[in-house]
Amino acid sequence: MNLFKNFVFMLLFAAALPCVAAENLQGMFSRGELSAEVRAFYFGRDFDGSTTDREDLAVGGIMSYRTDSLKGVSFGVSFATANDAASDDDKNVYGLLPSDEYGNHDSVTRLQEAFIQGKWFNTQVRYGAQMVNTPFLNNHDIRLLSKSYKGLSVINNTFEHFEFQAYYITDYLDWSSDSFVSMTESVGSSGDRNPMMIGMMKYTFPVDFVKASIEGWQYHMEDTVNMSYFKAIISGKVGDASLRFVPMYFMEKSIGDDYAGEFDTDQYGFNAGVSSYGASVDVFYAKTGDNKLYTPWGDSRVINMQILASEMAEEDAYAVRVGYDFSEVGVKGFNAFITYGVFDSEEFGRTASNDGEEVDFDLQYNLKYVLGGLLDGFSLRARYAIINKDQGEDFTDTRIYLKYKFALGK
């Protein structure tokens with residue numbers, strides 16, 4: 001709440017500045033934008049054996065207000081809520097919702113963002129509680145509510161073809177938590193309050209025959225982890241076909257007092273795909289090093305399926321995804337995907353883990369084209385995964401997402 005009090009103070013201070021005309025301040029707020037995304041989600045997991053099933057049925061979303069810019073300065077605030085909608089308490093909480101002291105489904109309403117922002121000379125500077133989008137520290141928007149962070153972010157595009165980003169992150173808000181915790185607490189440690197520092201550089205090649213970019217990220221959190229991540233994106237057209245190739249490399253090592261445990265590992269791999277006449281095919285490969293990947297704040301692992309991901313020690317992972325955009329046959333906004341993945345790791349020794357395979361079915365429908373645009377802003381998505389494990393229970397996972405977005409102002 002201290003951050004929210006500071007945010008209110010900044011607004012009052014700005015309003016009291018004698019050198020700024022009231023008319024300009026009035027316009028700053030009256031020309032702002034109020035936006036919201038209302039969400040109704042169902043997540044369920046059914047195990048084949050004796051493990052208790054999981055189920056969350058939740059309604060909520062996020063409401064945000066952004067002021068207009070005044071001499072490059074603007075403010076933003078967001079509130080988020082996730083509310084139980086008669087979930088079955090005989091089943092375990094899935095993760096859309098928090099659990100109460102008895103382990104039953106609960107609800108949460110919280111401050112999601114509260115920041116001051118400046119934009120000058122092709123540079124955006126933002127301070128406060130904010131949602132962040134980097135490969136291994138991000139919103140991780142796969143639940144009803146997104147993750148959020150406190151700190152300072154800087155994004156610069158001064159030089160042609162280059163982009164630079166820097167972050168100093170002090171606090172973390174998980175999917176269903178009601179308050180921020182320090183980055184040190186987020187890794188389960190009561191040690192020193194250490195921030196996460198992040199730097200990034202991206203270069204886009206100035207060529208016409210192909211789109212190509214390369215980016216590198218460096219993460220450092222004292223007594224916890226060093227991470228490095230590199231990715232290239234290459235895409236182009238050959239006749240009626242769109243081609244893409246995305247190689248990636250990630251390495252991480254625990255440092256200092258090892259607040260998150262001791263590890264030293266890496267991962268390399270790629271995604272290659274082709275699309276034509278509404279159909280698409282993508283193939284993925286990932287190889288992981290000596291230890292399981294440590295990615296608690298969101299991730300960009302090479303393969304992320306509905307449940308399984310390329311993350312286990314000494315693992316070779318393969319996946320293929322086929323999709324179709326039904327607008328090619330007159331059904332605008334409707335897309336379907338099927339993904340099959342195999343995860344093969346060491347069977348014996350200190351890095352042994354449970355092999356598995358997964359099949360995902362994913363239907364997505366943007367309803368803006370239904371009933372002559374009457375449902376503009378609505379989207380519906382249904383996902384179903386079948387997971388088979390070499391050891392332990394097999395299970396299925398069902399996820400249904402209904403969203404409605406709208407904005408007022410600007």
Residue within region 270-288 that is under 13 Å from F136 (Cβ atoms), of a type outside the set (S, T, Y), in a strand (DSSP E or B) and touching a strand residue (DSSP E or B) at 6+ places or on another chain (Cβ under 8 Å) present: no
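Just need a number here: residues in region 57-92 that are under 20 Å from I386 (Cα atoms) and either in contact (Cβ under 8 Å) with a residue 60 or more places away in the chain or in a loop (DSSP other than H, G, I, E, B) (or both). Break it down stepwise before answering.
So in region 57-92, the residues under 20 Å from I386 (Cα atoms) come out as 91-92.
Adding the requirement that they be either in contact (Cβ under 8 Å) with a residue 60 or more places away in the chain or in a loop (DSSP other than H, G, I, E, B) (or both) leaves 91.
Count: 1.
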Exclusive hit being surrounded by 18 or more Cβ atoms within 10 Å (Cβ to Cβ) and more than 30 Å from G60 (Cβ to Cβ), set S176, S189, S182: S189
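Identify the residue in region 263-274 that is closer than 16 Å to F245 by Cβ and surrounded by fewer than 18 Cβ atoms within 10 Å (Cβ to Cβ) and, among all such residues, is farthest from the chain's Cα centre (by Cα).
V274
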Test: residue in region 253-262 that is closer than 27 Å to V342 by Cα, under 23 Å from the mean Cα position of the chain (by Cα) and not in a loop (DSSP other than H, G, I, E, B): yes
Test: residue in region 14-31 that is more than 18 Å from A114 (Cβ to Cβ), among the basic types (K, R) and modelled with pLDDT of 95 or more: no
Selection within region 195-210 - touching a residue at least 40 places away in the same chain (Cβ under 8 Å) and either under 30 Å from A82 (Cα atoms) or assigned to a strand (DSSP E or B) (or both): P195, M196, I198, M200, K202, Y203, T204
Scan of region 204-253 for residues that are closer than 15 Å to H161 by Cβ, among the acidic types (D, E) and surrounded by 14 or more Cβ atoms within 10 Å (Cβ to Cβ), ordered by number: E215
Filter pass, L3 being at pLDDT below 95, under 27 Å from the mean Cα position of the chain (by Cα), closer than 19 Å to Y127 by Cβ and part of a helix (DSSP H, G or I): yes
Residues that are modelled with pLDDT under 95, surrounded by 14 or more Cβ atoms within 10 Å (Cβ to Cβ) and of a type in the set (A, V, I, L, M), drawn from region 356-408: V370, L375
Given (1) farther than 23 Å from R54 by Cβ; (2) assigned to a loop (DSSP other than H, G, I, E, B); (3) of a type outside the set (G, A, S), index of the condition I338 fails: (2)
Test for L375: is it within 30 Å of Y65 (Cα to Cα) and assigned to a loop (DSSP other than H, G, I, E, B): yes
Residue match in region 237-248 (condition: in a loop (DSSP other than H, G, I, E, B), within 23 Å of the chain's Cα centre (by Cα) and closer than 30 Å to G188 by Cβ): no
Qualifying residue in region 185-192 (condition: modelled with pLDDT under 95, of a type outside the set (A, V, I, L, M, F, W, C), on the phi < 0 side of the Ramachandran plot and in contact with a Phe, Trp or Tyr (Cβ under 7 Å, 6 or more places away or on another chain)): yes
Residues that are closer than 29 Å to S107 by Cβ and either crowded, with 18+ Cβ neighbours inside 10 Å or of a type in the set (D, E) (or both), drawn from region 61-82: G61, I62, S64, Y65, R66, F75, G76, V77, S78, A80, T81, A82
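Inside region 141-160, can you point out the residues that are of a type outside the set (F, W, Y), under 20 Å from T184 (Cβ atoms) and crowded, with 19+ Cβ neighbours inside 10 Å?
We begin by selecting, within region 141-160, every residue of a type outside the set (F, W, Y); these are 141-148, 150-158, 160.
With the extra rule that they be under 20 Å from T184 (Cβ atoms), the set shrinks to 147-148, 150-153.
The answer is K147, S148, K150, G151, S153.
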Qualifying residues in region 312-335 (those that are charged (D, E, K, R) and part of a loop (DSSP other than H, G, I, E, B)) - the one farthest from D299 (Cα to Cα): K332
Residue within region 162-172 that is buried (at least 18 other Cβ atoms within 10 Å of the Cβ) and not in a strand (DSSP E or B) present: no
Residue that is surrounded by the fewest Cβ atoms within 10 Å (Cβ to Cβ) [pool: residues in region 284-323 that are closer than 29 Å to K237 by Cβ and out of contact with any Phe, Trp or Tyr (no Cβ under 8 Å at 6 or more places or on another chain)]: N304
Qualifying positions in region 136-161 - small (G, A, S) and assigned to a loop (DSSP other than H, G, I, E, B): S146
Residue count, region 98-135 (criterion: in a loop (DSSP other than H, G, I, E, B) and within 30 Å of F159 (Cα to Cα)): 5
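The values are calculated or read from the model by the stated rules, or taken from the named source; none is laboratory data. What you see is a predicted model, and the numbers here were worked out from it, not measured in a lab. Heads up, the Cβs are rebuilt from the backbone with ideal geometry, glycines too, and the neighbour counts pull from every protein chain shown.
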